[in-house]
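Have a look at the structure below, then the notes.
The values are calculated or read from the model by the stated rules, or taken from the named source; none is laboratory data. The shown structure was predicted, so the numbers you read here are calculated from the model rather than taken from an experiment. Glycine also receives a Cβ, built like all others from the backbone with ideal geometry; neighbour counts cover every protein chain displayed. Only protein heavy atoms, including side chains, enter the accessible area calculation; ligands, DNA and RNA are left aside. Shrake-Rupley method; radii C 1.70, N 1.55, O 1.52, S 1.80 Å.
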Amino acid sequence: MSETRGPAAPERATMRVRVRPEVLSLPRYAPGRSAPGAAKLSSNESAEPPSSAVIEAATQALAGINRYPDFGATALTQTLARSLGVQEDQVVLGDGSSAVLLDALSVVCRPGAEVIHPWRSFESYPIAIPAVGATGVAVALTAEGRHDLPALVAAVGPDTAAIILCTPNNPTGPALTLEEVRSVLEAVPPEVLVLVDEAYIELATAPGVSTAVPLIAEFPNVLVLRTFSKVHALAGLRVGYGVGHPDLVGAIRAISVPFGVSSVAQAAALASLRDEDVLRARIADMVAERDRLRGELVSMGYEVPETQSNFLWIPAFQSGPGLVAACAEAGLLVRPFPEGVRVSTGTREQDDRFLDVARAHIATL
């Protein structure tokens, strides 16, 4: 019997649109892998879903999706401003904090501009910087996975438009104290934008570590980035925000995508902010599990930096491809990087399975 084949695909015409070389050479963001039945410890998500109150608010908002969302995300902006102790015109919402980052860089970067950032750090930085026509200046972390603040400050030059601080740092975990952030702000010129990425700040428990929002009143060149993707468990709805001086926020709003935060996302985020008891309990559980995992790994002999996030970092000399492969065989997905492996906290059962794999792996080194 002859095999039945569908129609042949038409030959594609050559695309002649002149794409900017900087865009053609951009690294592609690589999300954490998923696999049917596997435990995903690769994307720093909340292991638990949002509360029933948040899901109900999102469900109710679905009934109105034939209408555009509130353009200014008024209720959410007002609630955030009150909780942060700032004015409403100091808060800008976006489709995740990465979108706010891109918009912020867009308003300050001209051709030839440089943006300084730590590395290894969040993967969006080397993508967002060239995307706005700027050049990235990567500054290596210390051996402990921390920002090298003197080197970051020393890299500032006449073409520097912005400097990025990631605290806690993704993927290594350490965080900057508020005084360390202040020291950077005091050292860089006031015309340089200082972006403080605080995606995991709610999980920070180390002495002296707290949000940089109070520094905005003193330093108008700081923009704090936050997200609902982590402790609020809303990664699938994409809600992030920036907090800064009204003039800076106004400029970012001017180029933000209109209606960028859906009505469902706004309703869920607002409900999560109001569900304070559930949020506090989730944060406490994530911190406890993080600390338990790190304690177990350190007792096995792993050199894990002191993490202030919901993930742990195992350097390459103790992980390598072997740990990633062993995890995959056990139905666990972790995130490999050239410099090491990042493991997000999951449920206790998932984390116990990971610890079993880690214990067997280090015995082979």
Open item on the list: Could you derive backbone 3J(HN,Hα) for region 305-322 from the dihedral phi with the Karplus parameters 6.51, -1.76 and 1.60 (θ = phi - 60°), listing whole Hz in sequence and x where the residue is Gly or Pro?
Closed with: x, 5, 8, 10, 10, 10, 8, 10, 10, 10, x, 4, 5, 10, 10, x, x, x
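Roughly what % of DSSP beta bridges within the chain run antiparallel, to the nearest 5?
Details: 16 of 36 bridges.
Percent antiparallel among DSSP bridges in the chain is about 45.
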- [ ] Calculate the length of the line joining the C-alpha centroid of region 204-218 to that of region 302-365, in whole Å.
- [x] 30
TODO: Let me know the Rg and Dmax you get for the chain when you use only its Cα atoms, in Å.
DONE: 21.7, 79
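Quick check on region 97-170: what are the equivalent-ellipsoid semi-axes from the Cα gyration tensor, as sqrt(5λ), descending, whole Å? All intermediate terms of the calculation are to be shown ahead of the outcome.
Numbers: eigenvalues 78, 43, 15 Å².
Taking √(5λ) for each eigenvalue gives 20, 15, 9 Å, largest first.
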Task: Cα gyration tensor category, rounded, prolate or oblate, for region 216-328 with a/c compared to 1.5 - done: prolate
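How much of the accessible area of the chain, probe 1.4 Å, is carbon plus sulfur, in whole percent?
On the way: 9620 of 17380 Å².
So the carbon and sulfur contribution to the accessible surface is 55 percent.
Add +1 for every Lys or Arg and -1 for every Asp or Glu among the other residues with Cβ under 15 Å from the Cβ of Val264, and state the total. Mind dumping the intermediate values first?
Numbers: positive: Arg67, Arg238; negative: Glu56, Asp70, Asp95.
Summing Lys/Arg as +1 and Asp/Glu as -1 gives -1.
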Task: Positive-end extreme of charge dipole, the chain - chosen from Leu141, Ala113, Val222 (charges on Cβ) - done: Ala113
Task: Cα extents of region 98-248 along the three principal axes, largest first (Å) - done: 38, 32, 31
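Which of the GluC sites (Glu not before Pro) across region 154-242 are loop residues per DSSP, with 13 or fewer other Cβ within 10 Å? Before the final figure, lay out each step's value.
Details: sites: Glu179, Glu180, Glu186, Glu191, Glu198, Glu202, Glu218; in loops: Glu191, Glu198, Glu218.
Within region 154-242, the qualifying GluC sites (Glu not before Pro) (loop, at most 13 other Cβ atoms within 10 Å) are Glu191, Glu218.
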Task: Amide H contacts of Leu332 (H built 1.01 Å from N, under 5 Å, at least 5 apart or other chain) - done: Ala39
Open item on the list: Compute for region 245-287: radius of gyration divided by Kirkwood radius, i.e. Rg/Rh, restricted to C-alpha atoms, rounded to two decimals.
Closed with: 1.18
Open item on the list: Please list 3J(HN,Hα) in residue order for region 149-156, calculated via the Karplus relation 6.51 cos²θ - 1.76 cosθ + 1.60 where θ = phi - 60°; whole Hz, with x for glycine and proline.
Closed with: 4, x, 5, 4, 5, 5, 6, 5
Open item on the list: Taking amide H atoms as placed 1.01 Å from N in the peptide plane, list the residues 5 or more away in sequence, or in a different chain, whose amide H sits under 5 Å from that of Cys166.
Closed with: Asp197
TODO: Convert 20 °C to kelvin, take the viscosity as 1.002 mPa s, use the Kirkwood radius over C-alpha pairs of region 12-132 as Rh, and evaluate the Stokes-Einstein diffusion coefficient in µm²/s, rounded to a whole number.
DONE: 114
TODO: With a 1.4 Å probe and every protein chain left in place, work out the accessible area per residue of the chain in Å², rounded to a whole number.
DONE: 48
Open item on the list: Can you tally the net charge around His245? Count Lys and Arg as +1, Asp and Glu as -1, for every other residue whose Cβ sits under 12 Å from the Cβ of His245.
Closed with: -3
